[in-house]
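What follows is one structure encoded as structure tokens, with my remarks underneath.
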Amino acid sequence: METCNEKMKISLMALAVQGALTAMFALPLAAYAADESEELAALKRPTNSVEIGVDGVSKKSAKFGEYTGLDKSGAKLIGNFDIRGGNAYDGGGGTTRWSINGRDLGLTSRSAGATISNQGQWTIGIGYDELRHNISDTYQTPLQGVVGGNIFTLPPTFGYVGAQPLAPATVTLDATKLGAFHTVDVGTTRKNTSFNAGYNFNPQLSVQFGYNRLKQSGAKLMGSGTLGTKDVAAGGGTWRAEAISILMNPTNYQTNNIDLALNWIGDKGHLTGSYYSSRFSNGYDRFTWENAYKSGAAVSAPCGFPPCTYQTTTMSTAPNNDFHQLNVSGGYAFSSSTKLAGGISYGRNTQNAAFLTGNLTTVPEIPAAFILPQVSLNGLVVTRHADLKLTHQATKDLALSAGFKLNERDNRSPANIYQYWALNGNGGTVALPAGIDVATNAPYSNKKTELELAGDYRLDKRQSLRLAYVHEKISRWCNGMVLPYSNCVVVPSNSEDRLGLSYRLRTADGVGFNASYTYAARKALFNHDAVTPLAGLNLNVVAVTLPTDVNAQDYPGFAAHIYDSRRQHLLKAAANWQATEKLDLSLTGRYVHDKYDAYLGVQNSRTTGLNLDATYSRAENASYSAYMSWQRSRRDLRSGLSVPANAAANAGPSYAALLASVALNPLSIWSNQLTDNGSAIGIRSKHTGLMNGKLELDGDLSYSFDTTGYATQLQYVSAQCSPTNMTACGALPDIKSRLLTLKLIGSYQLNKSDKLGLGLIHQKLTADDYFYNAYLYGSAPLRIMPTNQQSGSYSANVVAVSYIHTFR
């Protein structure tokens, strides 16, 4: 277990040392050879350990046991062991060593392994580990089907749910519908099996092999859009907008990895050539569910006659794919002061799973089959990497370095135009039936190059300086695109220059200090005429000079902050003071300020963080520590509505013409702020040597508080912020989480070989997130099927008792 048991267990090294000290004071010297100390015996004969016990969890909570297996209430087994042997120990004269180990055997975070080796010649190992990710234990759904399956159906008498914005504005669930909802524990389980081997041909040449199989089962929650359907039995209704369902997307995955490497080590150089492959396969190529949404006035009425006839919706799952990569890395020392190291790699990622075809829905308006340009993607992505670093100790006090990196992702998948059904029902062109639209896939590629020059100079034996310059460039493009998508990215390139200076100081009276400042300037090259394939290509327009996909469908003047030109200031500082032999203090701080150039979009962001730590050692067997941290960040954004003067005439031939014709009304500008505040405080006390050296106690108390806020301001008149207006403004309720943790861990030495472990954990999480209101019965919006999911608050206790036996 990762929470209680992690603290309660004594590490193997600690067991060996503590067992040796206990034996030295508690047992007569005659028990050992006169010239053999316990420490020397620990080196000759490894200390083995076996631990068995039980822990009890007071309350069920997926969030508390998210990765530890402590999500269910009741008793859990504590099982751990580590046993080593071989004729290389205890003066056996051999070179063979073996080990077997197991950890958390009673939990879903269990692991086990075994190794055997002949020192300096060969080694073989096997391993197994398992991890359960508990996602939610409050998720409710009317869909029937097993977690991890790919077919979900509705009860035949469930009825329909409206997907049209009619009063009331929330989903109406009668007794029949509510009775169909049931709680499902949603999560995924990862099971990992590994094998590794190595062989040394001689001191210079060796080979290593590794194989890993990862199997994942269960499901992850995923939101999906569907259409408001027709009541096939009763008739009537129309297609209307998008309806949202939170579904259990199955994770029936298997990934097989192989790693093979040949290593050479010489007097002045080293070289490694390796091959890596990864093959991913999915047990399902699709999953289906029945859709209860229906358009029309009688949205909450039962079916025309039971059983109901529902629309069956199908979605494809993650496709099978293969990845193969060749790598070469090495280094060479020209002299004791000049060294060169680097590597190159080439990889190919392929995906050629067949597209889902045929009638994927029971709704008759959708054609039985779309016209596909090819039966599968035939996807290919080629990756390249190269790095090279030269270091030179110019003088005793000056060290210089230069480095270069290249990473390229070249997407060579073919680009084609595909038909699709528009969920809003607004498709249809001069070339296609109503509801059918077309779009193209974009084989997105990018290349990143980085050059770094740095120098380290020692001012004296207590002070040093480092100056570093980094130039980075990112290029983006799409292969094989045709008009009007030939320019598929709005920001085809970014370049950034970073200059950093750092200073270190260590004084004679125990004060350590370091500070650094980095200035970064990023410049973006924009192509606002780029036609990005985000939505349908309007084939009704004869001359497709400026379709709605231009500038990524953003307003003129808007730029995404991850691509936008930006200036950044980064300041970091840390100080450590050994005030006395018993008291140690440290303080660290960090400040980042980003300023963006775009008129619309993120304007600036700031992040500030402070951490304070103090440790006091009252005696050799008693210590106390305390810490406090604080962090605050804020992001300011500005956006608005831009209205082309000639929008009715399909705008002009370029983005520049469009921008020139925009009448940007100052009253249409709006802004908002996103803030994150976090603070934590904690104290810890550790005592050893109690009760004549038999008792150890470790206590830890911590509290953290985090808040996220989101507020929007408009330039409109105040009347437009009234509750009766559709415009949203003002501040949303803060998202808050408060976590209190108390840990008390103890161990009592029964005798030289046996120890009793005791542990107590109390943890309480109070989470307040308005986002979950949309999932609750009675408050879910009309186009969202409620799931009654909760934010994850809990209060849980864990009590653990274990028996630890060590031997040689």
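For the reader, a short list of remarks on this structure follows.
- Complete set of residues in the stretch 659-687 that are more than 30 Å from G699 (Cα to Cα) and either modelled with pLDDT under 50 or open to solvent by 70 Å² or more (accessible area, probe 1.4 Å) (or both): L659, A660, S661, V662, A663, N665, P666, L667, W670
- Residue list for the stretch 77-115, filter: closer than 23 Å to S136 by Cα and open to solvent by less than 30 Å² (accessible area, probe 1.4 Å): D104, G106, L107, S109
- Selection within the stretch 574-592 - under 28 Å from the mean Cα position of the chain (by Cα) and either on the phi > 0 side of the Ramachandran plot or open to solvent by 40 Å² or more (accessible area, probe 1.4 Å) (or both): T588, R590, Y591
- Residues (among the polar types (S, T, N, Q) and either within 21 Å of R684 (Cβ to Cβ) or open to solvent by less than 30 Å² (accessible area, probe 1.4 Å) (or both)) located in the stretch 740-770: T741, S747, Q749, Q763
- Comparison of L525, L501, L505, L467 shows that the only residue that is open to solvent by less than 70 Å² (accessible area, probe 1.4 Å) and either in contact with a Ser or Thr (Cβ under 7 Å, 6 or more places away or on another chain) or over 22 Å from I562 (Cβ atoms) (or both) is L505.
- Taken together, A42, A14 contain a single residue that is part of a helix (DSSP H, G or I), within 27 Å of G689 (Cβ to Cβ) and at pLDDT below 50, which is A14.
- Answer residue from the stretch 353-384, given it is open to solvent by 50 Å² or more (accessible area, probe 1.4 Å) and in a strand (DSSP E or B) and is modelled with the lowest pLDDT among those: A354
- T607 outside any strand (DSSP E or B) and β-branched (V, I, T): no
- Of all residues in the stretch 197-216, those being open to solvent by less than 60 Å² (accessible area, probe 1.4 Å) and in contact with a Lys or Arg (Cβ under 9 Å, 6 or more places away or on another chain) number 2.
- Residues of the stretch 281-334 that turn out to be of a type outside the set (A, V, I, L, M, F, W, C), at pLDDT 95 or above and over 28 Å from M222 (Cα atoms), as a count: 7
- Candidates in the stretch 470-482 are the residues that are open to solvent by 20 Å² or more (accessible area, probe 1.4 Å) and free of Cβ contacts under 8 Å to residues at least 40 places away in the same chain; of these, the one that is nearest to T395 (Cα to Cα) is H471.
- Lone unmet requirement of (1) surrounded by fewer than 16 Cβ atoms within 10 Å (Cβ to Cβ); (2) over 32 Å from the mean Cα position of the chain (by Cα); (3) at pLDDT below 85; (4) not in a loop (DSSP other than H, G, I, E, B) for V438: (1)
- Screening S61 with (1) open to solvent by less than 20 Å² (accessible area, probe 1.4 Å); (2) assigned to a strand (DSSP E or B); (3) out of contact with any Ser or Thr (no Cβ under 8 Å at 6 or more places or on another chain) gives one miss only, at (2).
- Only one of the numbered conditions (1) of a type outside the set (A, V, I, L, M, F, W, C); (2) modelled with pLDDT under 90; (3) under 25 Å from I804 (Cβ atoms); (4) out of contact with any helix residue (DSSP H, G or I) (no Cβ under 9 Å at 6 or more places or on another chain) is not met by G94, and that is (3).
- Among the strands (runs of 3 or more DSSP E) confined to the stretch 205-271, the ones with at least 3 residues that are at pLDDT below 95 are located at 205-227, 242-250.
- Filter result for the condition that a residue is open to solvent by 30 Å² or more (accessible area, probe 1.4 Å), in contact (Cβ under 8 Å) with a residue 40 or more places away in the chain and not hydroxyl-bearing (S, T, Y), over V184, V147: V147
The values are calculated or read from the model by the stated rules, or taken from the named source; none is laboratory data. Everything quoted here is computed from the prediction, not taken from an experiment. As a convention, Cβ positions derive from the backbone with ideal geometry for all residues, glycine included, and neighbour counts pool all protein chains shown. Areas reflect the complete protein model, heavy atoms only, side chains present, ligands, DNA and RNA absent. Shrake-Rupley method; radii C 1.70, N 1.55, O 1.52, S 1.80 Å.
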